[in-house]
Each structure stands twice: as C-alpha cells, then as structure tokens.
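One structure is given here, and the rest of the page talks about it.
The values are calculated or read from the model by the stated rules, or taken from the named source; none is laboratory data. If you're wondering where the values come from, they're calculated on a predicted model, not measured in any experiment. Ideal geometry is used to build each Cβ from the backbone, glycine not excepted, and the neighbour counts take in all protein chains shown. Keep in mind that these areas ignore ligands, DNA and RNA; they rest on the heavy atoms of the full protein, side chains included. Shrake-Rupley method; radii C 1.70, N 1.55, O 1.52, S 1.80 Å.
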Amino acid sequence: MCSCEEPRWGWGHCAPSPILLLSLLLAAPLGLLGEETRQVTLEVIPDSMGLPQNLLHIRAVGTNSTLHCVWSSLGPPAVLLVATNTPHSNLSVNWSRLLSDEPDGALMVLPKDSIQFSSALVFTRLLEFDSTNTSDVAATPPGKPYPPYSLAEFSWNNISDLLDPATLSATFRGHPSHDPTRAFANGSLAFRVQAFSRSGRPAQPPRLLHTMDTCQLEVALVGASPRGNGSLFGLEVATLGQGPDCPSMQEQHSIDDEYAPAVFQLDQLLWGSLPSGFAQWRPVAFSQKQGGRESALPCRASPLHPTLEYPLPQSPIVRAFFGPQNNFCAFNLTFGASAGPGYWDQHYLSWSMLLGVGTPPADALSPLVLGIMAVALGAPGFMLLAGGLFLLLGPKRYSEYQPIN
C-alpha cells in the first residue's frame, strides 16, 4: 500500500495509496481487551528470606481481566506477558525451585484455566560491529562483528533502588561481571520498564501511543567504551514460537510523522492472530538523551528465525513458567549506520518498544495533517463545483445577430 525506497528503516519518501489514505482517515486508537479502566500496581517480589532478587511484577486489573508483566534479570533480562479472563488471577513464586538448576513450575499465574495468552521475550546478547569499512547501509551484518556480550553474564543492580511507584517505573542497570578490557568501567546497560494507568504518549520521541494494556521498555547504553571508532551496537532478542512457526513481523506505514519526525514506519511483532500479544516499536534509536531528528539513528530488524542451530542463554523465569522449551525464535536489532550520527557522538544510545495484549494501539492522523489533506483534496473539488454552478446558473449572453430572413 505504500511505496518506499527503504521500507525496513522507515526513512525516505513514501507514496501512499488511496486505500492507505482512507484507512488512516478512519484509524483511531482502539481499546484493548474491552477494558476502560485498570488498577495498575508495581511490585518487587522478595525471595523467601525477604531478600530482593530482581523479580518485578506489573499487575493491571480490569473489570473482567488481568494483565501480568513479569520482568527479571535472573539470567538474561526477560519478560513474561500473561493475560487472564478474571480480575482475581495472581502470581505464585516458589523461590527455592526458581533459584535451583531446574526451575520448572516455580512460577505460575493462578488459576491456570483463566490464562488466555502467554509468551515471553528474552534479551540475550548485546552486539557490536565494526562498520569502518562498510558503506552499504543495508548490509547484514552491518560490519565485522566483535565478540558479543552475553547479558546472562551481566551483574545487575538491586531493582528496589531504582523503583519509582509515582511513575510506575523501575530500572535494571548492569555491566559485565567479567570485563577484562574495562569497556564498561564507566558505562552501563539499562532496561527501564514503565507501566501506565491511562492512555497517552511520553514526552520524548518516538512517543509511542500507550494504553493501560501495555508496558514500555527503554533500553539505554551509556558510557561504555566502543571497541572501534565506527562501532554500531545491536540487541539479540528471543521469543517463544507459536508451535512450529515463529511469530510474524509486520511493518505499517503512515504519511504522518508528527510524533517521530522523519519516521513513517511502525514495526510490530505479533504472536498469533489478533487480538493476541504484540511488541511494537518505531525503527529509530537516538544518540542523545534528548532525542530529536538530529540524533536519530535508523533501527533495522532482521527476520525472525528458529534458534535450533545454536544454544541460547536460558532465562530462569521463562523455564519456570513454560517448562523446557526448544521452539525459540530470535531476531537482531541493529542501531545506526556507518555515516551520520552514532553512538560515538556522546557514548549514548537509546531505543524504546511497547509490549501488550489485544489490538495494538493505532495512530490517528493529526489535526494538522487532516487540515492539509482537506485543503489539498477539497480545493480542486470545490473549484470544479463552483465552475459547474457558474456555467449552469451564471448570466446568459444572447447574440445580437439578426437572421436575413
């Protein structure tokens, strides 16, 4: 429906079709799971000895359903996304089993028969590439890869120290446990998680539209020393497949870039047919804390692929909830290009995504764009109508010629 020169990156000029224009005119944010209000709570769950173990539970309770988001940095950072059809479902944790070598069954949402959807995301590795001799912006990989950082081998802060109930947010901040090159001597990798008690948008780009049925993740790499002058960074992300197949990846295009200037694309990861679970992000990252057009970096997502060919770091909470699994799928996100702004500017990189259940939020056209479209499409029609009325109803001139006969 939209013709783009570089559709995966979301940059450049698009030529929308009439069908896309009509769908955008009719688009509006849709309520998820049929809930108008939710009571949202944020809780760090201590172990049986009362010690924090970096297990964060976001619980959003509606009239007829509950959404559970369980985040943890036990092993690689991971999140469980579980939706139930009752407002009374609860999370149960068996800590002695969860911290053992076989955590199967240690984490449950009860009652089990109320679960309508469940899946997980695991952030397994921080990637780094040398793009110095790479001029092709679409190259895969985007340069010579350095040995990746395994996020399962990171040391993470006490989540209770960076918990903010007022904003319903918490931050997992870590660095490699073994860092012989001291690349992270003054740096860190942070996962900031936020829930929402109402619909709206953040103040900073890319300003994704959120609802009470979503939570937002912002990943920020700050102060770490790159291993080359032209280093590009990326993330490896794994998720559970749907049976033998991987979840689907979709791209949506728009003619409106009000909330993310120069970005006309929205990427989505969908688990099964809608309404189901989803992850949603703009294909853009930022090299400055105050994100803007001048610090925007293209974000590219590789196709999803099964991971049977190589082992992934195991997440204890994913195994605790789903049991032993071998149907993982993975994709890579890479941020930046060999030319233009980059991590090297200020040793800063940030990227955001939404996780939720139901129909993904959809942007309506802004009043400014609607006004421009109304003028652009309405003016020619008005001129044709006015011209036709003038010809039909205007004064008639009669010829003064007199016939000979």
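Key figures for this structure:
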| item | result |
| --- | --- |
| Residue count for segment 325-360, restricted to those that are open to solvent by 30 Å² or more (accessible area, probe 1.4 Å), modelled with pLDDT of 90 or more, within 16 Å of residue 143 (Cα to Cα) and not in a strand (DSSP E or B) | 1 |
| Unique match (being assigned to a loop (DSSP other than H, G, I, E, B), open to solvent by 40 Å² or more (accessible area, probe 1.4 Å) and farther than 24 Å from residue 357 by Cα) among 225, 273 | 225 |
| Residue satisfying condition, being part of a strand (DSSP E or B) and either closer than 21 Å to residue 71 by Cβ or at pLDDT below 95 (or both), within set 262, 220 | 220 |
| Single residue of 246, 215 found to be open to solvent by 10 Å² or more (accessible area, probe 1.4 Å) and touching a residue at least 60 places away in the same chain (Cβ under 8 Å) | 246 |
| Test: residue in segment 164-183 that is crowded, with 18+ Cβ neighbours inside 10 Å and at positive phi | yes |
| Residues that are farther than 30 Å from residue 109 by Cβ, among the aliphatic types (A, V, I, L, M) and either at pLDDT 50 or above or open to solvent by 70 Å² or more (accessible area, probe 1.4 Å) (or both), drawn from segment 11-63 | 19, 22, 25, 26 |
| In segment 64-88, residue surrounded by the most Cβ atoms within 10 Å (Cβ to Cβ) [restricted to those that are in contact with a Pro (Cβ under 9 Å, 6 or more places away or on another chain) and closer than 18 Å to residue 356 by Cβ] | 78 |
| Segment 195-211, residues that are open to solvent by less than 40 Å² (accessible area, probe 1.4 Å) and closer than 22 Å to residue 163 by Cβ | 195, 196, 200, 202, 210 |
